[in-house]
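Accompanying notes for the structure given below.
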Amino acid sequence: MPNRARSPLKKNAESKFPVRVRIKTPELGYGRKLDEMFDWLNCEVGQNNYVWVSDRQPGHDASAVYLRSLDDAQKLVECFELELLFLEELKLV
């Protein structure tokens, strides 16, 4: 089985931000919603209080947002009605 090395950005985010939210990428992409999410994150959470990275998993396109608080994660998911990617959905063969 190939080793899935983490990018330096992911490694750094995992060490500095205790909360990770895995978000399924919509089938047709985010469109303008992506800009709205970044604007919201910058205004509500602060530019230095989150990291957004690609988080492609086998069979799923996803993003991971690393945050400092569970409250911020919950607000993000609720505000944009995001679909989460749960580990149970991953099929590692």
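No value in this document is a laboratory result; all are computed from the given coordinates. Quantities reported herein were computed from a predicted structural model and do not represent experimental measurements. Counting neighbours? That spans all protein chains shown, and the Cβs are built from the backbone with ideal geometry, glycine included.
Using the basic label-point model (7 angstrom from Cα toward the beta carbon), what is the Tyr30 to Asn12 distance in nanometres?
Modelled inter-label distance: 1.9 nm.
Which value in nm describes the separation of the simple spin-label points at Asn48 and Gln74, placed 7 Å from the Cα toward the beta carbon?
Once both label points are built, they end up 2.7 nm from each other.
Once you treat every alpha carbon in the chain as an equal point and sum by Debye, what is log10 I(q)/I(0) at q = 0.12, 0.20, 0.24 Å⁻¹?
-0.38, -1.05, -1.42
Select from Gly31, Asn48, Val77 the residue farthest towards the positive end of the dipole of the chain; place +1 on Cβ of Lys and Arg, -1 on Cβ of Asp and Glu, and compute about the Cα centre.
Looking along the dipole axis, the top candidate is Asn48.
Can you check what the net charge comes to around Thr25, using other residues whose Cβ is under 10 Å from the Cβ of Thr25 (Lys, Arg +1; Asp, Glu -1)?
Working: positive: Lys24, Arg56; negative: Glu27, Asp55, Asp61, Glu83.
Local charge sum for Thr25: -2.
Multiplying the sequence separation of Trp40 and Arg56 by 0.36 nm and subtracting their Cα-Cα distance, what value in nm do you get?
Values: separation 16, 0.36 × 16 = 5.76 nm, distance 2.32 nm.
So the chain would gain 3.4 nm between Trp40 and Arg56.
In whole percent, what relative contact order does the chain give with Cα contacts below 8 Å and a gap of six or more residues? Spell out each step's value before the answer.
Working: 101 pairs, mean separation 34.7, N = 93.
Dividing the mean separation by the residue count of the chain yields 37 percent.
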